[in-house]
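The values are calculated or read from the model by the stated rules, or taken from the named source; none is laboratory data. Fair warning: this is a prediction, and the values are worked out from it, not measured in the lab. These area figures cover heavy atoms from the full protein model, side chains too; ligands, DNA and RNA do not enter into them. Shrake-Rupley method; radii C 1.70, N 1.55, O 1.52, S 1.80 Å.
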Amino acid sequence: MLLPKGGVSWKAARASLPPTRAIWVLLTRTRFLLLLAVTGTIILLWRGISSSAPQMKSFYCWGPNKPPSEMSQNEQAAWNAHHHTPVIFNHHAPLIVNESTIDHVDLNPIKSTTKAVQNEERVLILTPLKDAAPYLSKYFELLAELTYPHNLIDLGFLVGDSTDDTLAVLSAELNRLQKRPDKFRSAMIVEKDFGFKLSQSVEERHSFEAQGPRRKAMGKARNYLLTTALKPEHSWVYWRDVDIVDSPEKILEDFIAHDRDILVPNIWFHRYENGKDIEGRFDYNSWVESDKGRALTKKLDKDVVLAEGYKQYDTGRTYMARMGDWRNNKDEEIELDGIGGVNILVKADVHRSGINFPCYAFENQAETEGFAKMAKRAGYGVYGLPNYVVWHIDTEEKGGNV
């Protein structure tokens, strides 16, 4: 465009501009304002989308970030291996039960393993008592020395048909024991009289005629104690007589390491005569069955209870008490058909399966020997340690267990 010869003056330029009023009218028109608003909105949206594009990459989606046609074989393999879209079929919402009278017990986690201490497996120690006051002090002295963690041990006692001060002495000893820093997890005392009266004299207590009724009564006492004290959290049951005078402090750990359903030690006693220590063999209820014994039981009435060591019935059985030596390998095992009750470690699930102490003649045996017979019938293993010795009081006992 050609400029005038005289140049451009301010007045000339001003004169060529539209009037101010006309500009104001244009700016205030609705059409112009609408166009301006739309344009501004488009600009703002474009700036927002452009600035958030990098952040969009951080969101997770149920698919790859590129179409399959652009993915390499390695990328496709990695995607298929690690990113599966979850699919829920027949989904059910959880059932919530708030009724306080309904309890839930899950026995699946309760195991009996060789790693009992590491797994914090609970042990229940059970002791039936009758006229046992003289033996309780020594009993608790040995119990306190057990190295298995006391916070994992529960104690259970049954006092029945006692004529002495067993209940009072037991209560006092337990009260004293549970005030120690290493007290046991819990203790339970059960009272139950069975009306079984038998003199504690050696002659009557160990007479052949007394064995059947005595063993049946002992079996009943054990069952009452077991069914009352056994709780869902127990993994092991350790039966321990009151009249033990010496036993290893690590006996629980030693026995658990064998991983047997039922395990018993050998039971001996000390007798001091003329300055000599005579090592006597005590428990003849732990034995291996013989052909002679099997033939004998076939002839007997089903209600007869056999008792070992009496001339009335010669069973020809092999007794663990006559085997072994505490100086030899303590871990040596033998399989047994009958067991005594002085010291027994049982996996709790054996008892839960219904294997208890028959208070009747079961295959012509009762109590602990009947328990062993019943366990073997059910397919459980019964074993003894002939060289692992627990020391009992002298055989001339005048009380103790039921």
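Is segment 265-402 rounded, prolate or oblate when judged by the Cα gyration tensor, a ≥ b ≥ c being the square roots of its eigenvalues, rounded requiring a/c under 1.5 and prolate requiring a/b larger than b/c?
Since a/c reaches 1.5 and a/b is larger than b/c, the shape of segment 265-402 is classed as prolate.
With a ≥ b ≥ c taken as the square roots of the eigenvalues of the C-alpha gyration tensor of segment 82-184, please select rounded if a/c is under 1.5 and otherwise prolate if a/b is larger than b/c or oblate if it is not? Since a/c reaches 1.5 and a/b is larger than b/c, the shape of segment 82-184 is classed as prolate. With a threshold of 23 Å on the Cα-Cα distance, the over-threshold entries among 138/311; 216/298; 197/220; 183/250 are 138/311.
Per residue, the accessible area of segment 233-385 comes to 43 Å² when a 1.4 Å probe rolls over the protein heavy atoms. List the aspartates and glutamates whose alpha-carbon lies under 14 Å from that of residue 130, not counting same-chain residues fewer than 8 positions away? Filter leaves 161, 164, 165, 191, 193, 241, 243, 397. Cα gyration tensor of segment 159-294, axes a ≥ b ≥ c as square roots of the eigenvalues: rounded (a/c below 1.5), prolate (a/b > b/c) or oblate? Here segment 159-294 falls in the rounded category. Taking only the alpha carbons of segment 223-278, we obtain Rg and Dmax values of 15.7, 52 Å in that order. Put 171, 286 in order of accessible area, highest first, and with a 1.4 Å probe you get 171, 286. In order along segment 148-158, phi translates into HN-Hα couplings of 4, x, 5, 6, 9, 10, 10, 10, x, 10, 10 Hz, rounded to whole numbers, per the Karplus curve 6.51 cos²θ - 1.76 cosθ + 1.60 with θ = phi - 60° and x for Gly and Pro.
Among the aspartates and glutamates, which fall within straight-line cross-link reach of residue 115, defined as a Cα-Cα distance under 13 Å, with same-chain neighbours fewer than 8 residues apart omitted? Partners found: 253, 254, 259.
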